[in-house]
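What follows is calculated from the coordinates using simple rules that are stated; it is not laboratory data. Predicted model, so just to flag it, every value in this text is computed and none were measured. We place every Cβ from the backbone using ideal geometry, glycine too, and count neighbours over all the protein chains shown.
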Amino acid sequence: MFNTTLCYIEKDDKYLMLHRVKKKNDMNHDKWIGIGGKLEDEESPFDGARREILEETGLTVNELSYRGIITFVSDEFGTEYMHLFHTTEFQGKLREDCDEGNLEWIEKQRLLSLPIWEGDKIFLSLLDQNVPFFSLKLCYKGDTLVSHTLEYAKNV
């Protein structure tokens with residue numbers, strides 16, 4: 001089991017997306033995903049999200065909104081707890097090159113037609129609806145989403 005972060009950086013009704021095409025043996029190979037990665041020892045989810053955003057994009061985040069926790073259960077990759085963030089508050093110049101793939105601002109409506117994980121469509125919809133903090137469990141067999149469970153936090 002491991003902890004990761006994923007942040008959707010938004011500007012002009014677009015998300016900054018990473019097309020994962022550069023790493024070998026990448027569970028996200030050829031998928032479009034938000035910005036994030038594994039938490040390092042002693043990092044909080046906020047610390048990890050800020051670090052990953054800076055490393056992958058060159059951008060500094062001024063404010064992060066913690067939107068939910070996603071539990072990925074995979075028959076191939078094990079279990080992952082992903083801390084989901086969103087921001088519109090950032091500064092800096094976007095890197096021209098990223099070790100993990102290609103960065104691109106993608107219109108939200110177009111994003112759903114690109115190769116993304118099926119479960120991502122669920123939490124992207126929740127982000128767009130501005131749903132309060134939630135927990136989403138996504139169960140995969142290979143690349144196929146076989147079940148999901150959505151729960152909302154009360155009094156958060």
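Considering the stretch 138-156 alone, what residues qualify as being of a type outside the set (V, I, T) and more than 14 Å from D75 (Cα to Cα)?
Correct list: H148, L150, E151, Y152, A153, K154, N155.
Which of the residues that make up the stretch 58-108 are farther than 18 Å from H148 by Cβ, touching a strand residue (DSSP E or B) at 6+ places or on another chain (Cβ under 8 Å) and not in a strand (DSSP E or B)?
Across the stretch 58-108, the qualifying residues are L59, G92, L94, R95, E100, K108.
Would you pick out the residues in the stretch 120-156 that are assigned to a loop (DSSP other than H, G, I, E, B) and exposed (fewer than 11 other Cβ atoms within 10 Å of the Cβ)?
Those that are assigned to a loop (DSSP other than H, G, I, E, B) and exposed (fewer than 11 other Cβ atoms within 10 Å of the Cβ): Q129, N130, G142, K154, N155, V156.
Residues checked against (1) touching a residue at least 12 places away in the same chain (Cβ under 8 Å); (2) surrounded by fewer than 16 Cβ atoms within 10 Å (Cβ to Cβ):
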position: W32; (1), (2): yes, no
position: E43; (1), (2): no, no
position: E63; (1), (2): yes, yes
position: R67; (1), (2): yes, no
position: H83; (1), (2): yes, no
position: L94; (1), (2): yes, yes
position: E100; (1), (2): yes, no
